[in-house]
Amino acid sequence: MMALVALSLTAYNPSTAAAAKAKKATKEAKEAKEAKEAKEAKVDPSDKLGKANSAFDAKKMGDMTGFDPSTWVSPTGDTIKIAIVASFSGPSTVNGQFYWGTVSWVAHDINKRGGIWVDGKKKLVQVIQADSMGKVDQAKKVAERMVLQEKVDILWGCDGSHIMKVINEVANKHKVIALNASNTSDDIQNAENFGRYSFQGSFSADQVARGLAYYYGQIRKKEKKFYILCQDYGFGHIFADGFKNGLKEYFPEAQIVGEDYHKLFLTDFAPYLAKIKASGAEVIFTGDWVPDAANLAKQAQQSGLKLPFANIWMTEANMQHELGRNGGADWVHVGPYHSPVPFDAAPGYTKLYTTYRDQWEKFKSPPYNGYAFKHGMAGVGGSWAMQTYWLLDIIERAKTTNAEKIIQLWEGDTYRQANGKVIKMRACDHKAIQDLSAEVYAPPEQQKASFTIPPYYWFKEASYVGTIIRLPAEKVLPWMDPKLERCNGKNGWGE
């Protein structure tokens, strides 16, 4: 009897009931808050990538008035030092210019906020141009100098997997963090090349190739005949193999009606275009980049071949302007950053983008005042910027530039980017997991499908991104090397 009375008092005690009610209300409030944040960012709360440990907050952006990459001067002294190891001279100079324009923007923003609290004090971000000249021996020499003499905290790269591998080797030897923000080669983080201090925030060639196969086979479901034409070196063959594997998985009824590989920097594509015409192909799949991409596209147009290109690097704005308003119509590009929702559905994206575009209008010097830099916070430029913001956010959360603390936080971390998309660093091989997007190019009057703010087109005189379709992360998980011991027994999510 006494036990029953005690139990009754416990069960019906007003204070206990009130506590339970308060706990329930707190839980409901928390769930409502998370649902609201997810809705604002257009992220599905049930998505495995939907909940992030940290996020880009556009409200915290610094005053970007006056920023111009051609005149920007980096702070010096006791700073957080980032060395961009890339081509700042030679035939690939434009790549170094692209990277500088992006990373200097991020540094300027953080510095205008007052810097980052690390190691007991507020520090500004310093960015250093470390010219690799596109050469392996020079890349090793300059990366070593950056670490040993300049005492940089971060090595940031780069144009070319051969250069990125050197950067990673130096980073792992001297125990500093290396970020591969732009290189897409799948062997950079494999069993042979992996190191604890190197991270690949970039999307990979295999992901894009399989993403294109997924788009054509599971979403578009129209064209079935593909002609593969790629550059004849490692990347070209890896990219083609990824597409063929993707077709087997997502589009088995598709046909490869031709497959060719051409030498780099080819000037005459006529023989290949003749073969493509005779093949009955409906789509040309290519991994070509400029100048090959531009020569291929212009010669195809001149020959009267109007087939669309399924591609990874045929996005260069100057090339699109040379082709004209309809030149790139119906081309499909798979990329890492364009939001699959309109600008106004992700307010942070809109603010970041428009702030940059307004500044671009004031850029005075080439190449930064050209078409290729107009949309610097969208597409791959947006991806490079977000990866840099993410790394600096990790440093801010760690409150130190100590590489071991950064590794500990970054492995398995999730970050919501300005466009609402969440990116995750797979812990076992340091490769980024993220949704990708299939971008269908269209003439200016159809670009409002993606460019939902004034002037409702990306470019007035060129084809560019029209409709954007989300490719879920689970369909384009980055390749994991089964020989990498750290990943043994883990699934594609690294779990």
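Taking the criterion of being open to solvent by less than 20 Å² (accessible area, probe 1.4 Å), free of Cβ contacts under 8 Å to residues at least 40 places away in the same chain, touching a Ser or Thr at 6+ places or on another chain (Cβ under 9 Å) and of a type outside the set (Phe, Trp, Tyr), the only residue of the stretch 292-310 that qualifies is ALA293.
Just one of the listed residues (ALA438, ALA427, ALA432) is open to solvent by 10 Å² or more (accessible area, probe 1.4 Å), within 23 Å of the chain's Cα centre (by Cα) and hydrophobic (A, V, I, L, M, F, W, C), and it is ALA427. Just one residue in the set ASN13, ASN53 is modelled with pLDDT of 95 or more, among the polar types (S, T, N, Q) and open to solvent by 50 Å² or more (accessible area, probe 1.4 Å); that residue is ASN53. For the stretch 125-178, taking the residues that are assigned to a loop (DSSP other than H, G, I, E, B), at pLDDT 95 or above and touching a strand residue (DSSP E or B) at 6+ places or on another chain (Cβ under 7 Å), the one that is surrounded by the most Cβ atoms within 10 Å (Cβ to Cβ) is identified as SER132.
Mind listing just one residue for me: the one in the stretch 273-291 that is part of a loop (DSSP other than H, G, I, E, B) and under 23 Å from the mean Cα position of the chain (by Cα) and, of those, surrounded by the most Cβ atoms within 10 Å (Cβ to Cβ)?
Step one: list which residues in the stretch 273-291 are part of a loop (DSSP other than H, G, I, E, B), which gives 280-282, 287-291.
Remaining after also requiring under 23 Å from the mean Cα position of the chain (by Cα): 287-291.
Details: GLY287: 29, ASP288: 26, TRP289: 17, VAL290: 17, PRO291: 15.
If we take residues in the stretch 273-291 being part of a loop (DSSP other than H, G, I, E, B) and under 23 Å from the mean Cα position of the chain (by Cα), then GLY287 is surrounded by the most Cβ atoms within 10 Å (Cβ to Cβ).
Applying the criterion of being of a type in the set (Gly, Ala, Ser) and open to solvent by 30 Å² or more (accessible area, probe 1.4 Å) to the residues of the stretch 97-124, the residue that is farthest from the chain's Cα centre (by Cα) is GLY120. Could you check, for the stretch 362-372, whether at least one of its residues is over 21 Å from THR65 (Cβ atoms) and free of Cβ contacts under 8 Å to residues at least 40 places away in the same chain? Yes, the conditions are met somewhere in the stretch 362-372.
Looking for whichever is at pLDDT 95 or above and closer than 27 Å to ARG486 by Cα here; the options are ALA191, ALA274, ALA213, ALA281. Which one fits? ALA191 is the lone residue from the list that is at pLDDT 95 or above and closer than 27 Å to ARG486 by Cα.
If you take just the strands (runs of 3 or more DSSP E) that sit entirely in the stretch 395-495, which of them hold at least 2 residues that are touching a Ser or Thr at 6+ places or on another chain (Cβ under 6 Å)? Can you show your working first?
Working: elements: 414-416, 422-426, 431-434, 436-442, 464-471.
Result: 422-426, 436-442, 464-471.
The values are calculated or read from the model by the stated rules, or taken from the named source; none is laboratory data. This is a predicted model, so every value here is computed, not measured. Don't worry about glycine lacking a Cβ; one is built from the backbone with ideal geometry, like all the others, and counts go over all protein chains shown. All accessible areas refer to the heavy atoms of the entire protein, side chains included, with ligands and DNA or RNA removed. Shrake-Rupley method; radii C 1.70, N 1.55, O 1.52, S 1.80 Å.
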